Each structure stands twice: as structure tokens, then as C-alpha cells.
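Data first, discussion second: the structure below is written as C-alpha cells.
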Amino acid sequence: MLLHFIFVIKDKELGQRDKEYEYVKKMAQFFKVWIKAKFSLDFEIKCDEMITKPRIILQRLDTHSLLKDHTERGKDIFHFYLCHFRPLWTDCLCEGYHAENFCMLRWEKPKNENDVIAMAEKNCTAVSHEITHELLRQSGYKRYIEDVHEVWQKHLFGDLPFEQYGEDFKLTSKKPSFLALDTTLFGL
Ligand SMILES: [Zn+2]
């Protein structure tokens with residue numbers, strides 16, 4: 001099984017978001033380990049950048065164009081698009097969307113490209129949110145939307161902290177490089 005992360009950037013930003021892309025590549029490896037620990041699934045990881053050109057409004061890049069790209073690349077591959085735009089429609093509590101073997105998320109560009117904590121808080125957490133929806137769905141878990149959202153609310157508005165992982169992908173109480181949803185509720 002392959003999990004393919006695609007960092008979608010505007011052509012005018014080419015070469016300007018390399019530090020973020022470095023983080024994306026590390027985060028992708030983190031999720032390989034995280035998915036193995038939480039879902040007992042073995043994924044190979046691939047990372048790419050996808051450059052988008054300015055388009056006229058009628059051809060705006062949206063969820064539909066990403067789903068088309070996903071189909072063309074191969075539906076057997078789990079594609080995760082990290083984008084500069086939000087999904088047109090979503091029932092998610094974050095700016096993400098998921099479908100069969102498909103996730104997308106509006107990647108929030110940090111004010112400072114070296115700000116690992118900001119990327120962990122805004123982006124890495126939401127990636128874990130979308131992956132959890134889709135992998136729970138694939139495993140036949142019925143409340144794959146509601147239960148993820150219940151935990152998410154507790155993370156954002158309750159006193160449940162995100163799980164903190166260090167650069168070595170291990171749980172840490174020190175400064176984290178990666179943050180993820182607490183999956184205890186799902187009985188994995
Ligand atoms: Zn959601």
C-alpha cells in the first residue's frame with residue numbers, strides 16, 4: 001500500500017517553500033510510523049510537489065480537479081493533497097475533505113517558514129484528523145465521522161491535549177515536531 005503526499009503550490013511560489021516541503025517530507029515519514037502504531041497498517045510513503053498555474057475562474061482548481069488527478073494517478077493509491085485552497089464543500093471541522101483513498105487539506109502557510117510548532121499545530125493535527133476518518137472508514141468503523149469530530153472538539157475546546165511526538169517520531173513531553181489526534185476512543 002502506498003500513501004502519497006502531494007504538496008500543491010502555486011508556480012510563483014516555486015523555490016520559496018522548500019523549508020515547508022522539507023517538513024512535509026519528515027511529516028510523511030512520521031505518519032508511516034504513526035499509522036503502523038495506531039492502525040497496524042504498513043504503508044510505503046511517497047512525497048511530491050505539484051505546481052499549479054494561475055487559471056481563469058471557470059477552471060478554478062478545486063476538490064473536483066484533485067479527485068480527477070487522484071483517479072488518473074491510480075485509485076489504489078492513497079493520495080493526500082496539501083493545498084493552498086480549501087475544499088469547496090466539507091462536513092469536516094477542519095479545512096479538509098476525505099473520500100475513498102483520498103484526502104485533501106488546506107495547508108496553512110506559517111508566517112515563519114522555520115516554525116515547526118506552527119506547522120505541527122495547524123497542519124499536522126489536521127492531517128491526522130483526515131487520515132483517521134479515511135482509515136476508520138476503510139476498517140468498517142461506523143462512526144468514522146462523528147467520533148473523530150467528538151475527539152477533535154475535545155482537543156480544540158476541552159482539556160484533551162494532542163499527542164506530542166519528537167523528531168524521532170516517539171512520544172515526548174518536550175518540544176514536539178509532530179502533533180496528532182488522540183485515537184484512544186476508537187479502540188484501535
Ligand atoms: Zn472531519
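The values are calculated or read from the model by the stated rules, or taken from the named source; none is laboratory data. Fair warning: this is a prediction, and the values are worked out from it, not measured in the lab. Every residue, glycine among them, receives a Cβ derived from its backbone with ideal geometry; neighbour counts consider all protein chains shown.
Below are the figures for this structure:
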{"read-out": "First in the range 95-118 and of a type in the set (Ser, Thr, Tyr), second anywhere and within 16 Å of the ligand (Cβ to nearest atom) and not in a strand (DSSP E or B), Cβ under 6 Å, 6 or more apart", "value": "Tyr97/Thr63; Tyr97/Pro87; Tyr97/Thr90"}
{"read-out": "Residue satisfying all of: in the range 140-178; more than 16 Å from the ligand (Cβ to nearest atom) and touching a residue at least 40 places away in the same chain (Cβ under 8 Å); surrounded by the most Cβ atoms within 10 Å (Cβ to Cβ) among these", "value": "Phe178"}
{"read-out": "Where Glu100 falls short, out of the listed (1) over 16 Å from Tyr81 (Cβ atoms); (2) within 16 Å of the ligand (Cβ to nearest atom)", "value": "(1)"}
{"read-out": "Gly74, sole failed condition from (1) farther than 27 Å from Gln164 by Cβ; (2) touching a residue at least 24 places away in the same chain (Cβ under 8 Å)", "value": "(2)"}
{"read-out": "The lone exception for Phe31 - which of (1) part of a helix (DSSP H, G or I); (2) modelled with pLDDT under 95 it fails", "value": "(2)"}
{"read-out": "Checklist (1) among the polar types (S, T, N, Q); (2) within 16 Å of the ligand (Cβ to nearest atom); (3) farther than 20 Å from His79 by Cα; (4) touching a strand residue (DSSP E or B) at 6+ places or on another chain (Cβ under 9 Å) applied to Asn123, failing item", "value": "(3)"}
{"read-out": "Some residue of the range 52-67 being within 16 Å of the chain's Cα centre (by Cα) and either in a strand (DSSP E or B) or charged (D, E, K, R) (or both)", "value": "no"}
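Okay, residues lined up against (1) of a type in the set (S, T, N, Q); (2) out of contact with any strand residue (DSSP E or B) (no Cβ under 6 Å at 6 or more places or on another chain); (3) assigned to a loop (DSSP other than H, G, I, E, B):
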| residue | (1), (2), (3) |
| --- | --- |
| Lys12 | no, yes, no |
| Ala37 | no, yes, no |
| Glu49 | no, no, no |
| Asp76 | no, yes, yes |
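Residues are listed down the side, and each one gets a yes or a no for (1) surrounded by fewer than 19 Cβ atoms within 10 Å (Cβ to Cβ); (2) over 19 Å from Glu100 (Cβ atoms):
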residue: Phe7; (1), (2): no, yes
residue: Lys10; (1), (2): yes, yes
residue: Phe39; (1), (2): yes, no
residue: Lys53; (1), (2): yes, yes
residue: Ser65; (1), (2): yes, no
residue: His70; (1), (2): no, no
residue: Tyr81; (1), (2): no, no
residue: His84; (1), (2): yes, yes
